[in-house]
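Structure first, then comments.
Bear in mind that the values in this text are calculations on the coordinates, not laboratory data. Predicted model only: the values in this text are computed from it and were never measured. Cβ sites come from the backbone with ideal geometry, for glycine too, and all protein chains shown count toward neighbours.
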Amino acid sequence: MSNVESFEITLEVSRTDNDDLASFKVPVPSKNSRVLDALLYVRHNADPSLGFRYSCRAGMCGSCAVVVNGKESLACQTTIGSLQSNVVRVEPMRALPVLKDVMCDMDPFFKTLTKSHAALVSNDPDRKTLRIMPPKEKVRKLIQDQSGCITCGACFSACEWSATKESYLGPSAMNRILMLALDERDLLGKKRLRGIATDSGIFRCHGLGSCSTVCPVDIPLREGMQKLKSLISKGDFD
Amino acid sequence: MKETYLSGNPLDLKLWRLQRSSAIFVIVLVVAHLILQYIVFNADAISFQEVSDRIKSGVILAVDVVLLISVSIHGYLGFRSILLDYINSSRLACFITYTILFAIASTILYGLVALRAFI
């Protein structure tokens, strides 16, 4: 098979041992090659010490989230062709401490999920399994839009307030609370809304929508935040 | 499973609602104020006498007083919201909140005293 699409890019990668970006020439076989392929090429052929994280390579685990040309993306899902540039800049996610190069400590992000206590508590303790909601059920449709978070932390990184406001829960945790508030099977349901009706919660969200823009699984996070505000403004906490 | 959830802050919720509801008053009353000022009274230049004559009407006075209260609440709470974006200390946030509440009350009081001079 001919390799007519083959070209070369300059991969600029943020390094922890150097203030400047490290620059590498990377041959790319196709426009459909991924940023992760370029990072792996550098690790295998130029610098084995390059630090980055990946696992599933299918956009499901969220572990390869980085900032590519200024936008939070999954390295395994971002094609070089989609960037429309021969210079690809890879940086670590914002609002999270950098462990090495473009690899971040996800702890602050995961702590927001823990702090939100957004775990389903069944309202029917006698049932051993949760009732399955049919796809056509109205509530199921509402929740469906907000579901599918892979906890990659891209929204947390893109959110203007996650970096500046330590106590802020962030989009992912609040989206989880919205899902539970809508889920009739959850015992606490809308009671959880009272917990985010604070200046560290939903009131800190100004609806800029950066979270929605970068979400790799296209969860309408901004709309979710508006929905939360709407529910809270009605004072429907029970 | 333990039934745990965040507790929330009733004051934050009240101030947030107050800011949203005051926005409705501001929009409606600013339009009403402009209509009264430039269409009903056809005011070209604002003078003490002209304002004094206008404010003798109970309706105009009521519009101005409610507008004063709404603008003070909405503006100061908006300013508070901007400040809280950049503050991580909960003690400082609390201090700012009460300072803002004091500023709202002071501004409304000062506005009412100023309006009284025209009556």
Report, in degrees rounded to the nearest 10, the 0 to 90 angle that the Cα long axis of helix A:221-233 makes with the longest principal axis of chain A.
20 degrees
Among all helices in chain B defined by DSSP H, which have a length of 18 Å or more along the axis from Cα atoms plus a Kyte-Doolittle mean of at least -1.0?
B:10-35, B:58-85, B:90-116
Cleavage-rule hits, trypsin sites (Lys or Arg not before Pro), the range A:157-238, DSSP coil, Cβ neighbours within 10 Å at most 15
A:LYS234
Suppose only helical runs count, i.e. DSSP H with n ≥ 4. What mean residue ellipticity at 222 nm does that imply for chain A under -39500 (n - 2.57) per run, divided by all residues and rounded to the nearest 500 deg cm²/dmol?
-8500 deg cm²/dmol
Measure nothing fancy, just the Cα-based angle from helix A:35-45's long axis to the longest principal axis of chain A, in degrees from 0 to 90, nearest 10.
40 degrees
Under 4 °C and 1.567 mPa s, how fast does chain B diffuse according to Stokes-Einstein, given a Kirkwood radius computed over C-alpha pairs? Answer in µm²/s, whole number.
78 µm²/s
Within chain B, what's the longest stretch lacking chymotrypsin sites (Phe, Trp or Tyr not before Pro) that sit in DSSP loops with no more than 16 other Cβ atoms inside 10 Å?
B:42-85
Of the listed links A:LYS31/A:LYS100; A:LYS128/A:LYS229; A:LYS138/A:LYS190, those spanning more than 24 angstrom between alpha carbons are A:LYS31/A:LYS100; A:LYS128/A:LYS229
Can you pull out the GluC sites (Glu not before Pro) in the range A:1-103 that DSSP calls coil and that have at most 16 other Cβ atoms within 10 Å?
A:GLU5
Rounded to one decimal in nm, the spacing of the 7 Å Cα→Cβ label points at B:ILE119 and B:LEU101 is 2.7 nm
With θ set to phi - 60°, apply the Karplus curve 6.51 cos²θ - 1.76 cosθ + 1.60 along the range A:5-14 and write out the HN-Hα couplings as whole Hz, x wherever there is a Gly or Pro.
7, 4, 8, 10, 10, 9, 9, 9, 10, 5
Listed residue (A:VAL102, A:GLY189, B:ALA103) projecting farthest to the positive dipole end of the protein assembly as shown, Cβ model
A:GLY189
Gain on full stretching of the segment that runs from A:LEU120 to A:THR164 - 0.36 nm per residue minus C-alpha separation:
12.9 nm
Under the Karplus curve 6.51 cos²θ - 1.76 cosθ + 1.60, θ = phi - 60°, whole-Hz ³J(HN,Hα) for the range A:58-73, x wherever Gly or Pro sits:
10, x, 10, 8, x, 6, 9, 5, 9, 9, 10, 6, x, 10, 5, 8
What is the distance, in nm, between label points placed 7 Å from the Cα along the Cα-to-Cβ direction at A:THR79 and at B:ALA23?
4.0 nm
For the protein assembly as shown, give the magnitude of the charge dipole about the Cα centre (Cβ charges: +1 Lys/Arg, -1 Asp/Glu; no others), in debye to the nearest 20.
1100 debye
Could you work out, residue by residue across A:198-207, how many beta carbons of other chains sit within 10 Å of that residue's beta carbon, and then give the average as an integer?
5
Estimated 222 nm signal from helices in chain B, with DSSP H stretches of n ≥ 4 weighted -39500 (n - 2.57), rounded to 500:
-26000 deg cm²/dmol
Positive end of the dipole of the protein assembly as shown, charges at C-beta (+1 Lys, Arg; -1 Asp, Glu), about the Cα centre: which of B:SER47, A:THR198, B:LEU29 has its Cα farthest in that direction?
A:THR198
Dipole magnitude (debye, nearest 20) for the range A:107-233, charges at Cβ of Lys, Arg, Asp, Glu
380 debye
Inter-chain shielding of B:9-17 (mean C-beta neighbours from other protein chains, 10 Å cut-off)
5
For the range A:7-104, the dipole about the Cα centre with charges only on Cβ (Lys and Arg +1, Asp and Glu -1), to the nearest 20 debye, works out at 320 debye
